[in-house]
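Enquirer: Provided herewith is a single structure, encoded as C-alpha cells, for subsequent inquiry.
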Amino acid sequence: MSDQITITLPDGSNRTYDKGSTALDVAMSISEGLARNVLAAKVNGEVRDSFRPIEEDAELQLLTWNDEEGKSTMWHSSAHIMAEALEALYPGIKLGIGPPIENGFYYDIDFGDIEFDADNLKAIEDKMLELAREKNEFTRKEISKSDAIKFYEEKGDEYKLELIDGLEDGSITFYNQGNFTDLCRGPHIPHTGYIKAVKILNVAGAYWRGDEKRKQLTRLYAISFPKQKELKEYLELLEQAKLRDHRKIGKELELFTFSEKVGKGLPLWLPKGAVLRERLENFMRKAQLKAGYDQVVSPHIGSKELYVTSGHYAKYGEDSFQPIKTPAEDEEFLLKPMNCPHHCEIYKSRPRSYKDLPIRYAEFGTVYRYEQSGELHGLTRVRGFTQDDAHIFCRQDQVKEEFAKVIDLVLHVFGALGFGDFTAQVSLRDPDNPDKYIGKDEDWDRAEREIQEVADEKGLQTVVEYGEAAFYGPKLDFMVKDALGRKWQLGTIQVDYSLPNRFELEYVGNDNQKHRPVMIHRAPFGSMERFIAILIENCAGDFPLWLAPEQIAILPISEKYHDYAKEVYLQMQEQDIRGFIDERDEKIGKKIRDAEVKKIPYMLIVGEKESADGAVSVRQHGEGDIGSMKKDEFVGYFNNKVAELIK
C-alpha cells in the first residue's frame, strides 16, 4: 500500500504528499502567506479542520475568510471562545448549543441562579479577546459515548447529556482549546489567534431546542472578524440597516400595519401599501400574459385529504395550522399551505392531450403557515402571505425550454426592480437524508441534471447547495445581494416529477398512450410580503418610479391656485400617474420638505406663472428643480422615465 496520496486542487493540478498530511501542509507547500490565511478545508466536498490528517487521495479546496465556509468555521470557533469566556466569568453555568449563523454566531446559556448582567457585555468581549490572543490550538478528539456521558455528568450539564443521548457511539467528538472542552462535530480554525475583533450584538431568550414547553435559556448573539477595521465597517452597515428597516419605513410611509386582535404574523395592508402590491401584481400579470400563462383562482382552504395526497400534510402538518373540523362527521379542512395541490386538481378537471401542453397556470394565492411567534419578523416571516405562484405542466421534452423561459422571466423582474447582483443556487437533495424527499431516484437525477444544464446554457453564475431542495424536487434559487451586501433568496424555480405521480396526472401522447406530465413550480417574487420587505430595505423606501404608491405631489403656492392644481391632478390621474394635492395652508418650502421626507418622486409646483402657461414647475426627489414643463410635456417625460425602468 502506497504511503503517498494525490491532492487535486481547484485549478485541476495534482500534487503528491505523504499520507496523513494536512490541508495546512498543502497550503504551506504553496506559500507561507496562504497557510497563514487558511481557516478550514473542503476535502472531497466535506468542510473539515485544516489540521486534520488526510489519509487518501482527495480533491482539496483551502478555505479562507473570503469563503463562506471559512467565515462559518471562524464563527463556530468564536462561539467556543465565547462559551469559554462565559465559564471563566460565570462559573457553574450550563451550556446549550453554539452554532455559526449567517452573520456571526450565538450560544445558548443556562445561568441558573447566577445573576447575569446584560449591561456588562464588554467584559465578555474583553475576555474573549484575551483568550484569543493566547493562540490556543483547537484539537479534535474522538470519544466513546460512555466517556462523553461521564464527562458531562461530572459537570452536571443536562443539555449536553441530552444532545449526546441522540448520538451514535463512534460518531462523537470533543474539541478543546486552552482549558475549555465542548461537544462538537467541528470543524474549527487552527488556533484562537485568528480572531482579532469581537462584538456581542444582542441578548435574547430562547427555549431549549425551540420547544416553548422547555426552559428558556439566554442566547447571546455575536460576531467576530480577523481585523478590527472589518468589525467597524460591519457595525456601520448595521446602523444603515436600522435606517432601512422595512418595519420602520413601512410605518413612516403608511404601507402596512399589524394588529394583535387580528393575530400575530398577519399583515394588514394600508391604502398606499395596497397600491404598491397592485402595481407589482399588474407588472407580473402583464409579463405572464405575454409568456402564455392562464390566470386561475383557488380557495383559501382545502380538504385535508388534498394535502395528504400531495405529501404536504406528512411533511408540514404538525407545524402548520391545525385542521378545521366541520359539523359533518370526519370532515376536515386545512388553511391552504401551498397552491400546487389545487393547481393539480385544476389540471385534472378534464382530459389532456400532448397538443395541449405546456399548460401554465398562474395565481396570486394566499397561503398560511404556522410560524413560531419568536420567529415572526415584520413582513419577512409571517403566518399569512401571498405567492406569485405558477405551475407549468409540460412534456418531458419541453422541460428545459420551459425552465429557460422562467429564468428569462425572473431576470426581467430583477432588471425592472434593480436587483442586478445575484447568484443562482442549484438546490439539490441531501444525500445523507433520503427520507426527507418523495419520488424516484431516477426522476430526481434527471431533474437535477436538467436544472444544471439550463443554468449553464443561460450563463448563470451558480453554486450548488446540498440539502436545500424542496421535498418533491430540486430547484434553482436566486440569491440576491441588496444595497447593504446582504444576501436574500428571491425567486425560485422547481422541477417536480413527484406530484404528477401522486395526483395521477395524465395526458394522451401522440402514440395514443397515457403519459405523466412534468410539473415546474415557479415564483419570481416568492412571497409578496417578503419581496416587498426586501425591496423596501434595498431602496430605503425610494421605490422605482413606476412602482411608487404616490408618484407626484402637486404643491400649489397658495389657495388661489387650488383650482388649477385640481386640473393638473385630474389630467395626471387620467394618465395613470398617481399622487395627491397638498392643500395645506403652509409655505411652499415646508410642502417641499414634507414631500421629500415622504420620498415622493416628483413635486409639481403650481403658481401664477404655471397657471397662466398651462404648465408645472417640476422638482425631482433628491435632485432638486429640473425646470418648467407644459402638462402634456411632463406626462411624456414621466412615461419615458417609466419605460426606461421596465423595458
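The values are calculated or read from the model by the stated rules, or taken from the named source; none is laboratory data. What you are looking at is a predicted structure, and each value in this text was computed from that prediction instead of being measured. Please note: Cβ atoms are built from the backbone with ideal geometry, for glycine as well, and neighbour counts cover all protein chains shown.
Enquirer: Suppose we keep only residues that are charged (D, E, K, R) and modelled with pLDDT under 90 within the stretch 301-324. Which one would you say is surrounded by the most Cβ atoms within 10 Å (Cβ to Cβ)? Walk me through how you get there before you give the answer.
Expert: Going residue by residue through the stretch 301-324, those that are charged (D, E, K, R) are 304-305, 315, 318-319.
Remaining after also requiring modelled with pLDDT under 90: 315, 318-319.
Values: K315: 18, E318: 9, D319: 11.
For the stretch 301-324, the residue satisfying everything is K315.
Enquirer: On to the next question. For residues that are over 21 Å from D67 (Cα atoms) and either under 37 Å from the mean Cα position of the chain (by Cα) or part of a strand (DSSP E or B) (or both), tally how many sit in the stretch 1-10.
Expert: 3
Enquirer: Kindly provide the set of residues from the stretch 98-121 that are over 31 Å from the mean Cα position of the chain (by Cα) and on the phi < 0 side of the Ramachandran plot, ordered by number.
Expert: Of the residues in the stretch 98-121, the ones over 31 Å from the mean Cα position of the chain (by Cα) are 111-117, 119-120.
Passing the criteria: F111, D113, I114, E115, F116, D117, D119, N120.
Enquirer: Related question: So, of the residues in the stretch 325-370 that are at pLDDT 95 or above and among the acidic types (D, E), which turns out to be nearest to D397 (Cα to Cα)?
Expert: The extreme case among them is D356.
Residue-wise test of (1) free of Cβ contacts under 8 Å to residues at least 12 places away in the same chain; (2) closer than 14 Å to M82 by Cα; (3) in a helix (DSSP H, G or I).
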{"site": "I97", "(1), (2), (3)": "no, yes, no"}
{"site": "Y106", "(1), (2), (3)": "no, yes, no"}
{"site": "I109", "(1), (2), (3)": "no, yes, no"}
{"site": "D119", "(1), (2), (3)": "yes, no, no"}
{"site": "M128", "(1), (2), (3)": "no, yes, yes"}
{"site": "L131", "(1), (2), (3)": "no, yes, yes"}
{"site": "K135", "(1), (2), (3)": "no, no, no"}
{"site": "R140", "(1), (2), (3)": "no, no, no"}
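Enquirer: When you go through (1) in contact with a strand residue (DSSP E or B) (Cβ under 7 Å, 6 or more places away or on another chain); (2) surrounded by fewer than 16 Cβ atoms within 10 Å (Cβ to Cβ) one by one for S72, which number turns out not to apply?
Expert: Condition (2) is where S72 drops out.
Enquirer: How many of the residues in the stretch 40-59 are over 17 Å from K71 (Cβ atoms), touching a residue at least 12 places away in the same chain (Cβ under 8 Å) and not aliphatic (A, V, I, L, M)? Can you show your working first?
Expert: Initially, the stretch 40-59 is screened for residues over 17 Å from K71 (Cβ atoms), giving 43-46, 51-59.
From the residues that got through so far, the ones that are touching a residue at least 12 places away in the same chain (Cβ under 8 Å) too are 43-45, 51-59.
From what is left, the residues that are not aliphatic (A, V, I, L, M) are 44-45, 51-53, 55-57, 59.
Residues meeting the conditions: 9.
Enquirer: So, one more: Give me a count of the residues in the stretch 215-254 that are of a type in the set (S, T, N, Q) and more than 25 Å from K196 (Cβ to Cβ). Step through it out loud before you land on a result.
Expert: Keep residues of the stretch 215-254 that are of a type in the set (S, T, N, Q), which gives 216, 218, 224, 228, 240.
Now restrict to residues that are more than 25 Å from K196 (Cβ to Cβ): 216, 218.
Looking only at that region, the number is 2.
Enquirer: Only one of (1) more than 27 Å from M479 (Cα to Cα); (2) in contact (Cβ under 8 Å) with a residue 40 or more places away in the chain is not met by E574, so which one is it?
Expert: So the condition that E574 fails would be (2).
Enquirer: Please pick out the residue among S13, S21, S29, S50 that is hydroxyl-bearing (S, T, Y), outside the structural domain of P190 (by TED's automatic domain parsing) and under 33 Å from the mean Cα position of the chain (by Cα). It would help to see each step written out before you state the result.
Expert: Values: S13 fails: under 33 Å from the mean Cα position of the chain (by Cα); S21 fails: under 33 Å from the mean Cα position of the chain (by Cα); S29 fails: under 33 Å from the mean Cα position of the chain (by Cα).
Step by step, each of S13, S21, S29, S50 is checked, and only S50 is hydroxyl-bearing (S, T, Y), outside the structural domain of P190 (by TED's automatic domain parsing) and under 33 Å from the mean Cα position of the chain (by Cα).
Enquirer: Among the listed residues Y361, Y313, identify the single one that is among the aromatic types (F, W, Y), in a helix (DSSP H, G or I) and within 26 Å of F503 (Cβ to Cβ).
Expert: On the way: Y361 fails: in a helix (DSSP H, G or I).
Just one listed residue meets the conditions, Y313.
Enquirer: Find the strands (runs of 3 or more DSSP E) located wholly in the stretch 168-253 whose residues include 2 or more that are within 29 Å of R48 (Cβ to Cβ) and in contact with a Ser or Thr (Cβ under 9 Å, 6 or more places away or on another chain), and list them.
Expert: Working: elements: 173-177, 180-183, 197-207, 216-225.
Counting at least 2 such residues, we get 173-177, 197-207, 216-225.
Enquirer: Please find, within the stretch 135-185, the residue that is surrounded by the most Cβ atoms within 10 Å (Cβ to Cβ) out of those that are basic (K, R) and closer than 19 Å to A79 by Cα.
Expert: Kept after step one, since they are basic (K, R), are these residues of the stretch 135-185: 135, 140-141, 145, 150, 155, 160, 185.
Then drop every residue that is not closer than 19 Å to A79 by Cα, which leaves 135, 140-141, 160, 185.
Working: K135: 14, R140: 17, K141: 11, K160: 21, R185: 11.
Here the answer is K160.
Enquirer: Restricting to the stretch 395-415, count the residues that are touching a helix residue (DSSP H, G or I) at 6+ places or on another chain (Cβ under 7 Å), among the hydrophobic types (A, V, I, L, M, F, W, C) and under 21 Å from P544 (Cα atoms).
Expert: 1
Enquirer: Within the stretch 509-529, is there a residue that is of a type in the set (S, T, Y) and in contact with a His (Cβ under 7 Å, 6 or more places away or on another chain)?
Expert: Step one: list which residues in the stretch 509-529 are of a type in the set (S, T, Y), which gives 527.
With in contact with a His (Cβ under 7 Å, 6 or more places away or on another chain) added as a condition, the list becomes none.
No, every residue in the stretch 509-529 fails to be of a type in the set (S, T, Y) and in contact with a His (Cβ under 7 Å, 6 or more places away or on another chain).
Enquirer: Test of understanding: among D397, D389, which residue is in a helix (DSSP H, G or I) and either of a type in the set (K, R) or at pLDDT 90 or above (or both)?
Expert: On the way: D389 fails: in a helix (DSSP H, G or I).
Being in a helix (DSSP H, G or I) and either of a type in the set (K, R) or at pLDDT 90 or above (or both) holds for just one of D397, D389, which is D397.
Enquirer: Please determine whether any residue of the stretch 150-158 is farther than 23 Å from D113 by Cβ and basic (K, R).
Expert: If we filter the stretch 150-158 for residues that are farther than 23 Å from D113 by Cβ, which is where we start, we get 150-151.
Subset that is basic (K, R): 150.
Scanning the stretch 150-158, I find at least one residue that is farther than 23 Å from D113 by Cβ and basic (K, R), so the answer is yes.
Enquirer: Here's another thing I want to ask about it. Would a scan of the stretch 428-436 turn up a residue that is at pLDDT 90 or above, in a loop (DSSP other than H, G, I, E, B) and not hydroxyl-bearing (S, T, Y)?
Expert: no
Enquirer: Please state which of the following conditions C344 fails to meet, knowing it meets all the rest: (1) hydrophobic (A, V, I, L, M, F, W, C); (2) crowded, with 20+ Cβ neighbours inside 10 Å; (3) over 26 Å from E402 (Cα atoms).
Expert: (3)
Enquirer: Hey, another quick one. Report whether or not R502 is under 26 Å from W269 (Cα atoms) and assigned by TED's automatic domain parsing to the domain that holds L411. Don't jump to the end; show me each part of the working.
Expert: Values: under 26 Å from W269 (Cα atoms): no; assigned by TED's automatic domain parsing to the domain that holds L411: yes.
Here the answer is no, as R502 does not meet what is asked.
Enquirer: Of the residues E371, E331, which is in contact with an Asp or Glu (Cβ under 9 Å, 6 or more places away or on another chain) and charged (D, E, K, R)? Break it down stepwise before answering.
Expert: Details: E331 fails: in contact with an Asp or Glu (Cβ under 9 Å, 6 or more places away or on another chain).
So the residue among E371, E331 that is in contact with an Asp or Glu (Cβ under 9 Å, 6 or more places away or on another chain) and charged (D, E, K, R) is E371.
Enquirer: Within the stretch 325-347, identify whether any single residue is of a type in the set (G, A, S) and in contact (Cβ under 8 Å) with a residue 60 or more places away in the chain, and answer yes or no. Break it down stepwise before answering.
Expert: The initial filter retains those residues of the stretch 325-347 that are of a type in the set (G, A, S), namely 328.
Subset that is in contact (Cβ under 8 Å) with a residue 60 or more places away in the chain: none.
Checked the stretch 325-347: no residue is of a type in the set (G, A, S) and in contact (Cβ under 8 Å) with a residue 60 or more places away in the chain.
Enquirer: Of everything in the stretch 67-95 that's of a type in the set (S, T, Y) and in contact (Cβ under 8 Å) with a residue 60 or more places away in the chain, which residue is farthest from K127 (Cα to Cα)? Before the answer, list the steps.
Expert: Within the stretch 67-95, the first condition is being of a type in the set (S, T, Y), and the residues that meet it are 72-73, 77-78, 90.
Checking which are in contact (Cβ under 8 Å) with a residue 60 or more places away in the chain leaves us with 73, 77-78.
Details: T73: 20, S77: 15, S78: 12 Å.
Only one residue fits best here, namely T73.
Enquirer: Is there any pair with a first residue in the stretch 150-179 that is more than 20 Å from H80 (Cα to Cα) and a second that is small (G, A, S) and surrounded by fewer than 19 Cβ atoms within 10 Å (Cβ to Cβ) whose Cβ atoms are under 9 Å apart and which are 6 or more apart or on different chains, and what are they?
Expert: Final answer for the pair search is D169/S144; D169/S146; G170/S144.
Enquirer: Among the helices (runs of 4 or more DSSP H) lying completely within the stretch 540-647, list those that include at least 3 residues that are small (G, A, S), surrounded by 14 or more Cβ atoms within 10 Å (Cβ to Cβ) and over 41 Å from the mean Cα position of the chain (by Cα).
Expert: Details: elements: 562-574, 588-597, 608-613, 631-645.
Ranges flagged: none.
Enquirer: Also: List pairs: first in the stretch 10-39 and at positive phi, second surrounded by 11 or more Cβ atoms within 10 Å (Cβ to Cβ), Cβ under 6 Å, 6+ apart or cross-chain?
Expert: These pairs meet every condition: G20/P53.
Enquirer: Here's something else I'd like to know. Does the stretch 477-487 contain any residue that is aliphatic (A, V, I, L, M) and crowded, with 23+ Cβ neighbours inside 10 Å?
Expert: Within the stretch 477-487, the subset aliphatic (A, V, I, L, M) is 479-480, 483-484.
Next, only the ones that are crowded, with 23+ Cβ neighbours inside 10 Å stay: none.
For the stretch 477-487, residues aliphatic (A, V, I, L, M) and crowded, with 23+ Cβ neighbours inside 10 Å: absent.
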